[in-house]
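Each reported figure results from applying straightforward, stated rules to the coordinates on display, with no laboratory input. It should be emphasised that the depicted structure is a prediction, and the values quoted were computed from it without experimental measurement. Neighbour counts are summed over all protein chains in view; Cβ atoms, including those assigned to glycine, are modelled from backbone coordinates with ideal geometry.
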Amino acid sequence: MPRFLLLSSAVLLFAFCKNNATPDSPAQRPAYAIAIHGGAGTIRKSDMTPEQETGYRAALDTALTIGETILKNGGIALDAVTATIAYLEDNPLFNAGRGAVFTHEGRNEHDASIMDGSNQMAGAVGGVSIVKHPILLARAIMEKSPHVMLSGRGAEQFAIENGLDTVAPSWFFTQRRWDSLQKVLEKEKAQQPQGLIKPTGFKDQKFGTVGCVVLDKNGNLAAGTSTGGMTNKRWNRLGDTPVIGAGTYASNDGCAVSCTGHGEFFIRYAVAHDVWAHMVYGGLSLEDAANQIVMQKLVEKGGEGGLIAVDKNGNIAMPFNSEGMYRGYAKPGERQVLIFRGL
Ligand code: ASP
């Protein structure tokens, strides 16, 4: 083979491997990276008291610390994701676990998913009402069942059989979310007095879903997301959160992604997977891939929300097209907690 051909094949092969191989060398990436979100939506500084803002910032900070401590101590990405999300599920400020929004019928139905970027294993659960930590159920489904996605009664049965904590459905009740449902129902009644066919309450929502994406010291990526869905959802509606590739995705050759927003749009455009695909197939940086999808495609289509993502080199992106997104990230020597644009 002529020398120039040999040389150019070698260059091409190197470029291909570099783009597609599992994590770049440890020297090129931070020891760990973690990003979290507590939902996006109509979140305005003017609508919040200073105490509320402080409460949110403190909760995000605590969540970051939980994940970061695990990573600093050499823990694995999946453990950081589940522990961080379990804390956010327990915190009534967020629409996941305790503090979840209510369905049209006044129930809490939880969805969650998790993905291990090192082996493409994934677990997801939809529509459970008695499982204290839906994210732990998603992980158990991934690790202890032959399936990826379970729902409703069967998923609850699986949780019980696997010794996960269960609680009375009333454990998830918060007055604030109940009042939000009543407001939406009143509005709906005023608009459609003849009987309700089409729920109208999806405007101006605060999508308080929680999520976490992580790069650990071994170069493994993982992503998880947990939610109560959207206020006034009905007919056992499932959003993007339990749909692998829509609300959650992770693969060590690209990135880990967790989404929040109007789930129907995130399902239609397979948002989490699309970020990965734009990186790995399209050659875009994480930031360009995430921005292109959230700030261009979703905006064009009318899909409100945002996402957090970390790539195999520890880069982090947290774009959102709504007014605000509860979010934060940490890497060695860097840490930020933000709610509004730039703040
Ligand atoms: N994406 C979630 C859903 O559609 C809602 C949220 O992000 O808060 O169920």
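Remarks
- Using θ = phi - 60° in the Karplus curve 6.51 cos²θ - 1.76 cosθ + 1.60, the 3J(HN,Hα) couplings for the range 227-236 round to 7, x, x, 10, 3, 6, 5, 8, 6, 6 Hz; x is entered for Gly and Pro.
- Evaluated at q = 0.20 Å⁻¹: base-10 log I(q)/I(0), Debye formula over Cα of the range 36-193: -1.30
- Averaging over all projection directions, the Cα-based convex hull of the range 204-313 occupies 6.6 nm² in the image plane.
- Rounded to whole numbers, the Karplus 3J(HN,Hα) couplings from phi for the range 139-147 are 5, 5, 4, 5, 8, 10, 10, x, 10 Hz, using 6.51 cos²θ - 1.76 cosθ + 1.60 with θ = phi - 60°, and x at Gly and Pro.
- In sequence order, calculated HN-Hα J values of the range 83-96 (Karplus, 6.51, -1.76, 1.60; Hz; x Gly/Pro): 5, 5, 5, 4, 5, 5, 5, 6, 8, x, 5, 10, 7, 6
- Per-residue ellipticity at 222 nm, computed for the chain from helices alone with -39500 (n - 2.57) per DSSP H run of at least four residues, works out to -10500 deg cm²/dmol.
- Taking 23 Å as the limit for the C-alpha separation, the pairs Lys45/Lys183; Lys183/Lys233; Lys132/Lys233; Lys297/Lys331; Lys45/Lys189 exceed it in the case of Lys297/Lys331; Lys45/Lys189.
- Most to least packed among 163-173, 93-103 [average Cβ atoms within 10 Å]: 93-103, 163-173
- Average silhouette area of the range 44-96, convex hull of alpha-carbon atoms, in square nanometres: 4.0 nm²
- Shape box of the chain [Cα atoms, principal axes, largest first, Å]: 79, 44, 38
- Distance between the range 244-258 and the range 102-143 - C-alpha centres, whole angstrom: 16 Å
- Pairwise centroid distance, computed over Cα atoms, of the range 30-70 with the range 292-337, Å: 13 Å
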